[in-house]
1. Got a sec? Which residues in segment 128-143 would a label at Lys103 touch, if it sits 7 Å along Cα→Cβ and we count backbone N under 18 Å?
2. Count the net charge of all other residues whose Cβ sits under 14 Å from the Cβ of Asp140, scoring Lys and Arg as +1 and Asp and Glu as -1.
3. Return the distance in nm (one decimal) between the two label points of a simple spin-label model at Ile55 and Glu122, each offset 7 Å from Cα along Cα→Cβ.
4. Mind checking the dipole of the chain: about its Cα centre, +1 per Lys or Arg Cβ, -1 per Asp or Glu Cβ, Debye to the nearest 20?
5. Which of Thr147, Leu15, Ile124 sits farthest toward the positive end of the charge dipole of the chain, with +1 on the Cβ of Lys and Arg and -1 on the Cβ of Asp and Glu?
6. With 10 angstrom as the radius, rank Leu128, Leu6 by how many other C-beta atoms surround their C-beta, starting from the fewest.
7. In the set (1) 1.02; (2) 1.53; (3) 1.18, which value of Cα Rg over 2.2 N^0.38 Å was calculated from the structure you see?
8. For Asn78 and Asn148, FRET efficiency with R0 = 25 Å and r from the beta-carbon atoms, rounded to 0.05?
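Where a number appears in this text, it was derived from the coordinates with a stated rule and is not lab data. Fair warning: this is a prediction, and the values are worked out from it, not measured in the lab. Here the Cβ is made from the backbone with ideal geometry for all residues, glycine too, and neighbour counts use every protein chain on show.
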Amino acid sequence: MQSTALTPQEYFDSLPEDRKEGMNQLRKMILDNLPKGFSEEMSYGMVGYVVPHSIYPAGYHCTPNLPLPFMGLASQKNFIAFYHMGIYADQKTMDWFLEEYPKHTSAKRDMGKSCLRFKKPEQIPYDLIGQLVKRISVADWIEIYETNFKNKVVSKL
C-alpha cells in the first residue's frame, strides 16, 4: 500500500491507531542511529532513508532523478515492513543480522531479500534494528551500491 503523504510526519500522522506506537518507536530507533549524511523523506510511497543528491549526484541508477535509496519503513495491510538494502547487498551484514536476530526476539523471522516484516509491533527487535541502521555509513553504502548494482548494470550495456 503506497501512501500519498507528502512528508514523513504526514505519513506517521495518518497511520491507524494500532500501528502508531510501533511505527513511531521504530522511526525513533532509526533516526537515533542513522549515520550522518542519510536523510529521511517520502520515497516510493513510504518513508525512505536515502543518500541525497547533494552527496551522491548520480542518484539511483534506475531513476537518476531520485536519490539513492537505502532503507524504507512502511505500514502495510498485514504487517510493518522495514526495508534495508544493506542486508540484501552485503553478505557480511546479512550473516551478522541472521546470527543476531534470535538473540533479540523469540518471533520467527519473516524476511525477503531486503524486507523484514513484523506482524506484531511488540515482536520488533528495536535494539537490533538500531544496531543494523548504524552499521553502514553513507560512504560504505555508496561503495556497496556501486560494486553490487551500478557497476554491474553499466558493464551489461
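1. 128-136
2. Around Asp140, the surrounding residues sum to +1.
3. Each label point lies 7 Å from its Cα, and together they span 3.6 nm.
4. With only Lys, Arg, Asp and Glu charged at Cβ, the dipole is about 420 debye.
5. The residue sitting farthest along the positive end of the dipole is Thr147.
6. Leu6, Leu128
7. Checking each listed value against the structure points to (1).
8. 0.25
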